[in-house]
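Below is one structure, written out as structure tokens, with a few remarks after it.
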Amino acid sequence: MRIAMVTDYYLPTLGGVQTAIKAHKEELARAGHEIAVFCPLAGPSTDPSVVRLPTARGFAPDGYPFTWTLRAAAGVLRERLAGFDVVHVHTEMFAALAAYRAADALRLPVVQTMHGRIDVYTRAVLPLPALSTAVLAGLHRRGLGPVDVRLDPRAPYARTRTARRMWRLMAGQAQRADRVIVPSAHFAAKLAAQGVRTPLTVLSNGLEDSVLQAVGEPEPRRPLPGEPLRVLWCGRLSPEKRPEVFLDAVARTPGVVAVMLGDGVSRGAVRRRADTLGDRRVEVRGSVPQAEVLAAMRTADVLVSSSWDFDNQPMVLLEAIASGLPVVVADPDLAEALPPGAHTVAPSPDAAGLAASLAELRDDPDRIARMSTAAVAHRPHAAQSAHRDGLLAVYGDAIAAGRRA
């Protein structure tokens, strides 16, 4: 099968979507399929399977290269997609819109993965979101064309005008696809509730063999009584990930030391808050390669996800499980991605709730050992190979159905 993946962000930038696409690409290629990734890049690609789309100069929102112009990108894709069997779109910005235009012109089926909640992301990151989301929604509507989507404004996450704009954008794009993949049931249910009628498949992401090999065969964690609890936080330093809530939880919990990996718009605020804790309790390392993330996981006792009502299925949770690292989540929805016994859900999503979970684990190293053992046992299910056939089945369904008008 010849599979084209189109995304608005890819390596060398870091993030869960980039990691998921890399895992898809490696596993599908290992199975004998031909894969190409089309994306904006800051410079030429040295990988012949990664094709650079027209990219804006001097404009990189939130640090990501930006596809520009839509017309130019669609033209490149029309030329390069001929002969492919299916187009797999992973994002919602101009690269994605260009893919839909090119697929329409070539009558190629489109599979869309809905990776995350851009309603929350835009509210947290964009300047003047009431205005900027209106501009973004207008550009998206013009690029995608008319779509029949009927939102349910009664949903708690869709009650504001700004949120409804972004849900209309997400639902509209999903509605234009031939098949939709969602890594979690909780996000799939929201998309269906907001008018998406395209067949939805809940299919977990996974980790490629190269990552599992880098992790090695982990031994269960066995912290000693009285030692500080070593906590790891990984993600974008941005309000929707709530890194400062995590710092407040650490501040409330003596006997905890933490490492934070990631970068983003909240970097300055996070560093300043970490400095106030003193005694080198929190080390903010910034953005690091995936290999350093995996190395940090080997020396930690527990991973904390402070995100709430935002994430779909963070790849860092799968990396933690593959590393035998127990997980604390603030958002109970994220427990769906984690094996029983290997995680705990904070009693409340605020700093006090996270602090309570950290204190319990600090005082019960035997429980950490049991959680780690459960994570190690679940490791094979975190592999992309465990989900490859499901992905190929969705591609096959989309090809059999043909491109919808």
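The values are calculated or read from the model by the stated rules, or taken from the named source; none is laboratory data. Just so it is clear, the structure is predicted and the values come from calculations on it, not from any experiment. As a convention, Cβ positions derive from the backbone with ideal geometry for all residues, glycine included, and neighbour counts pool all protein chains shown. Only protein heavy atoms, including side chains, enter the accessible area calculation; ligands, DNA and RNA are left aside. Shrake-Rupley method; radii C 1.70, N 1.55, O 1.52, S 1.80 Å.
Taking every alpha-carbon pair under 8 Å whose residues sit at least 6 apart, the range 263-405 reaches a relative contact order of 19 percent. Rounded to the nearest 10 degrees, the angle from helix 388-401 to the longest Cα principal axis of the chain is 20 degrees.
Using C-alpha pairs below 8 Å separated by at least 6 residues, the relative contact order for the chain is 17 percent. Peptides 258-267, 302-311, 193-202, ordered by how many other C-beta atoms sit within 10 Å of their residues on average, highest first, read 302-311, 258-267, 193-202.
A 1.4 Å probe run over the range 26-89, with the rest of the protein chains in place, finds 51 Å² accessible per residue. Positive-end ranking of P218, V250, L207 along the dipole of the range 198-250, with charges on Cβ about the Cα centre, is headed by V250.
What the range 332-374 shows is 41 Å² of accessible area per residue, with the surface traced by a 1.4 Å probe over protein heavy atoms. Taking the 1.4 Å solvent-accessible surface of the range 71-180 as the whole, the part contributed by carbon and sulfur is 54%. Computed from backbone phi, the HN-Hα couplings of the range 253-269 come to 10, x, x, 10, 10, 9, 10, 10, 10, x, 9, x, 5, 9, 4, x, 5 Hz, rounded to whole numbers (Karplus: 6.51 cos²θ - 1.76 cosθ + 1.60, θ = phi - 60°; Gly and Pro given as x). To check you understand DSSP bridge types, tell me what percent of the beta bridges within the range 16-116 (both residues inside) are antiparallel, rounded to 5. Once the DSSP bridges in the range 16-116 are tallied, antiparallel ones form about 10 percent. Of all DSSP beta bridges confined to the chain, the antiparallel ones make up roughly 0%. Scanning residues 5 or more positions from V6 or on other chains, those with amide H under 5 Å from its amide H are F38, H88, V89, H90, with H placed 1.01 Å from N in the peptide plane. Each label point was placed 7 Å from the Cα along the Cα-to-Cβ direction; for E283 and R150 their separation is 5.6 nm. Between the beta carbons of A42 and R142, assuming R0 = 25 Å, the FRET efficiency works out to 0.40 to the nearest 0.05.
Each peptide in 147-154, 335-342, 211-218 gets a packing score, the mean of other Cβ atoms within 10 Å over its residues, and the list from highest to lowest is 335-342, 211-218, 147-154. Here's the picture: charge each Lys and Arg Cβ at +1 and each Asp and Glu Cβ at -1 in the range 72-218, and of A155, L126, A73 the one pushed furthest to the positive end of that dipole is A155.
Protein heavy-atom accessible surface, 1.4 Å probe, per residue over the range 270-329: 38 Å².
The phi-based Karplus calculation (6.51 cos²θ - 1.76 cosθ + 1.60; θ = phi - 60°) puts the 3J(HN,Hα) values of the range 189-204 at 5, 5, 4, 5, 5, 9, x, 7, 10, 4, x, 9, 10, 7, 9, 4 Hz, whole numbers, x for Gly and Pro.
Pairs of alpha-carbon atoms within less than 8 angstrom and 6+ residues apart define the contacts here; what relative contact order does the range 19-166 have, in percent? Value for the range 19-166: 15 percent. Near the amide H of A258, within less than 5 Å, lie the amide hydrogens of V231, V282, E283, all on another chain or at least 5 residues away, with H placed in the peptide plane.
Applying 1/(1 + (r/R0)^6) with r as the Cβ-Cβ distance of R367 and A400 and R0 = 60 angstrom yields a FRET efficiency of 0.80.
Note on T162: accessible area approximately 30 square angstrom, rounded to 10, probe 1.4 Å, nucleic acids and ligands left out. Taking Lys and Arg as +1 and Asp and Glu as -1, the other residues whose beta-carbon sits under 15 Å from that of A352 total -2.
With the charge dipole of the chain set up from +1 on Lys and Arg Cβ and -1 on Asp and Glu Cβ about the Cα centre, the Cα lying farthest toward the positive end among the listed residues M5, S184, P314 is that of M5. Accessible area of the range 274-405 with a 1.4 Å probe: how many percent of it is carbon plus sulfur? After summing per-atom areas, the C and S share lands at 52 percent. In the range 320-362, whose amide N lies under 13 Å from the spot 7 Å out along Cα-to-Cβ of A377? List them in ranges. So the set is 339-343. About the Cα centre of the range 288-375, what is the dipole size in debye to 20, counting +1 per Lys and Arg Cβ and -1 per Asp and Glu Cβ, all else neutral? So the dipole magnitude of the range 288-375 works out to roughly 300 debye.
Once you sort the root eigenvalues of the Cα gyration tensor of the range 115-173 as a ≥ b ≥ c, which label holds: rounded (a/c under 1.5), prolate (a/b larger than b/c) or oblate (the other case)? Judged from the Cα gyration tensor, the range 115-173 comes out oblate (a/c at least 1.5, b/c at or above a/b). With the simple model of a label 7 Å out from the Cα in the direction of the Cβ, H33 to A393 spans 1.4 nm.
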